[in-house]
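Here the structure comes first, spelled out in structure tokens, and everything after it is commentary.
The values are calculated or read from the model by the stated rules, or taken from the named source; none is laboratory data. Note that this is a predicted model, so its numbers are computed, not measured. Because the Cβ atoms are built from the backbone with ideal geometry, glycine has one as well, and the counts that use them run over all protein chains shown.
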Amino acid sequence: MRDSPSDVHSDAHHPRLNEASSDAPISSANPQPSGYRPGINRWDVVLAVGMLVGTLLSTVLTRIAGIYDEPADSFVTLLWAAGITLPLLFRRQQPLAVVIVISVVFMVGATLHVPEVTFCNIALFIALYSVGVWEGRRRIATITRIVIIIAMFVWLSISIAQTTTDPDALSGLSRAGAFSPLLAYLVIQFMTNVLYFGGAYYFGERAFRSRVQQDALHERSVELVRERELLAAQAVTIERLRIARELHDVVAHHVSIMGVQAAAARTVLTQDPPAASQALHAVESGSRAAIDEMHRLLGTLRDADSRETATAAASTLGVHSIDELIDTTRTAGMPTRFEQLGEPRALSASTSVTLYRVTQEALTNARKHAGPSGEADVRLRWSTSSVEIEIGNSGRAPSKRPSTGLGLIGMAERVNAVGGTLELRPRSRGGFLVRAELPLHIDATEGRA
């Protein structure tokens, strides 16, 4: 920018945008658009020192070339070189202060005829560019750059006016004609400065937007990692709950039957050995069934393809197994009636298993809480859009305090998982009622019930 016709006797210098537009330290830094102030970058140290050395060398060469008739003395030149370059050390921490200092030093050097016309322009360009990149307060950054640019153009206009009125300035250029060589030279200087300041402003804004986008991408990446970790934790929790439900259903059902049969065998062991033997046989059968289901569950956990294994394991239990479940309950000593209403329809494996597990848990609870006089009724109702299982038992009066057992919680989780509704309530005439209604979601990959 500093190419005032009143001070320079040739057009040897023009600002070059490509000397400062490729700012490697900026692109390598971690973007923090919201007013972030990084520490001193090692590349800024290299930049400032290199600019200082280049500026001092340029002043020596310019002084030797004799471009200025009365250049500033060496001490002033040294101070000016330090003032125009060393503030670049802090261009990321305090970009506003840096651009203001360098702008003032720039104009002071031109006024004192400091013999340097190259590196000072590069330093001013970098300072303007740094405001655009590193100042998070965008309104202040915009106002500061506009004010500096306007001040520079006012100063340039005054220099041009002085040149056109001074007959000794640029005496080598003719003033004759409507578009004289002198006028052409001044127009070139004006256009060069427009490109100079416009480039500094444009590239600073563009680099800042790039940093904003990089920061947004970084935030999205962090959010994705968090969501992935959350989903993984949720998957582990869901699988843990599923395993807990399966273990509870297997252990509670079979162990409760074995407990009833073992108690019956102990009672009649001396009076009716055949009945005791039959009861112990039921205990043996129940233990084998429990072990088989435990092996099936462990196989599901060990297999790499858990979905296919779980489906295959689930297909062995379902609506078709309810008859066996009721026979087992009868054998355990609780009279149980089973009734099926409507035309059976195809079910997904998960829905079929849910019906079985709800029935199993309800009958297990009935055996534990109904008492010796308790009876159970199981009704399976089919409709065009849903299937309903209802298990009611008679016996002891309903508890005044609702149950918070794991079995009821497991039933609710199973029914919710397949989109159904569950009703749990004590009966007014004694006993308890469990009713689950499940939609008929057909999954061809899971087969039929």
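Confirm whether Val114 is in contact with a helix residue (DSSP H, G or I) (Cβ under 7 Å, 6 or more places away or on another chain), farther than 16 Å from Tyr201 by Cβ, among the hydrophobic types (A, V, I, L, M, F, W, C) and in the same structural domain as Glu205 (by TED's automatic domain parsing).
Working: in contact with a helix residue (DSSP H, G or I) (Cβ under 7 Å, 6 or more places away or on another chain): yes; farther than 16 Å from Tyr201 by Cβ: yes; among the hydrophobic types (A, V, I, L, M, F, W, C): yes; in the same structural domain as Glu205 (by TED's automatic domain parsing): yes.
Here the answer is yes, as Val114 does meet what is asked.
Can you name the residue in segment 422-449 that is β-branched (Val, Ile, Thr) and modelled with pLDDT under 80 and, of all such residues, is surrounded by the fewest Cβ atoms within 10 Å (Cβ to Cβ)?
Within segment 422-449, the subset β-branched (Val, Ile, Thr) is 434, 442, 445.
Next, from what is left, pick out any that are modelled with pLDDT under 80: 442, 445.
Values: Ile442: 13, Thr445: 9.
The extreme case among them is Thr445.
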Query raised in the report: Do any residues in segment 361-380 that are in a loop (DSSP other than H, G, I, E, B) have Cβ atoms under 6 Å from those of residues that are basic (Lys, Arg), where the two are at least six apart or on different chains, and which pairs are they?
Result: Gly371/Arg396
Report summary line: Gly419 vs (1) surrounded by 17 or more Cβ atoms within 10 Å (Cβ to Cβ); (2) assigned to a loop (DSSP other than H, G, I, E, B); (3) modelled with pLDDT of 85 or more: all pass except (1)
Report summary line: Residue pairs within 8 Å by beta carbon, gap of at least six or interchain, first lying in segment 42-58 and under 14 Å from Ile102 (Cβ atoms), second surrounded by 14 or more Cβ atoms within 10 Å (Cβ to Cβ) and of a type in the set (S, T, N, Q), listed first then second, are Ala48/Thr85; Met51/Thr85; Leu52/Thr85; Thr55/Thr85
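Which members of segment 131-148 meet the condition of being of a type in the set (S, T, N, Q) and either at pLDDT 90 or above or farther than 18 Å from Asn193 by Cα (or both)? Walk me through it before giving the result.
The initial filter retains those residues of segment 131-148 that are of a type in the set (S, T, N, Q), namely 142, 144.
Within segment 131-148, Thr142 is the sole residue that qualifies.
What residue, of Leu317, Leu355, Leu280, is at pLDDT 80 or above and closer than 21 Å to Pro439 by Cα?
Unique residue meeting the criteria: Leu355.
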Query raised in the report: Which residues, taken from segment 330-360, are over 15 Å from Gly318 (Cα atoms), in contact (Cβ under 8 Å) with a residue 12 or more places away in the chain, outside any strand (DSSP E or B) and not small (Gly, Ala, Ser)?
Result: Thr331, Met334, Pro335, Glu343
Requested in this report: Take the residues in segment 387-405 that are surrounded by fewer than 16 Cβ atoms within 10 Å (Cβ to Cβ) and within 43 Å of the chain's Cα centre (by Cα), then tell me which one is modelled with the lowest pLDDT.
Outcome: Pro402
Report summary line: Only one of (1) at pLDDT below 80; (2) on the phi > 0 side of the Ramachandran plot; (3) out of contact with any helix residue (DSSP H, G or I) (no Cβ under 7 Å at 6 or more places or on another chain) does not apply to Glu308, and that is (2)
